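Enquirer: Dumping the structure here so I can ask a few things about it.
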């Protein structure tokens with residue numbers, strides 16, 4: 001099963017609350033930091049960081065997850081730059 005299939009449902013696979021690690025260590029970021037969130041999935045971490053006032057760019061390799069992240073960001077009225085990371089096999 002690939003990640004698009006895992007993220008396919010209406011529900012958020014890992015929920016919408018940020019990961020405990022992110023919450024526990026977010027105080028280390030200076031206010032208004034520029035943050036890159038790699039493998040962000042459905043946006044729970046990037047959206048929360050944007051809510052905390054950071055400028056956030058997030059990537060994931062699942063277009064389905066990124067679309068759900070966009071929806072979450074709209075719902076929470078925050079801006080997150082979201083992109084699908086395309087892997088290229090050689």
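Enquirer: What does the extension gain come out to for residue 10 and residue 57, with contour length at 0.36 nm per residue minus their alpha carbon separation?
Expert: Contour length minus the Cα-Cα distance gives 14.6 nm.
Enquirer: To continue, here is another question. Would you mind ranking 33, 83, 46 by Cβ crowding within 10 Å, fewest neighbours first?
Expert: 83, 33, 46
Enquirer: Report the far tail of the P(r) of segment 3-84, meaning the percent of Cα-Cα pairs longer than 16 Å.
Expert: Percentage above 16 Å: 44.
Enquirer: Can you give me the angle between helix 63-75 and the longest principal axis of the chain, using Cα atoms only, in degrees from 0 to 90, rounded to the nearest 10?
Expert: The helix 63-75 is inclined about 40 degrees to the chain.
Enquirer: Also: Taking 0.36 nm per residue of sequence separation and subtracting the Cα-Cα distance, how much length would be gained by fully extending the chain between residue 3 and residue 85, in nm to one decimal?
Expert: 28.3 nm
Enquirer: With an 8 Å Cα cut-off and a minimum separation of 6 or more residues, compute the relative contact order for segment 3-84 in percent.
Expert: 30
A short reminder: the numbers here are calculations on the coordinates, not readings from a lab. Predicted, not measured: the structure shown is a model, and the values here were computed from it. Please note: Cβ atoms are built from the backbone with ideal geometry, for glycine as well, and neighbour counts cover all protein chains shown.
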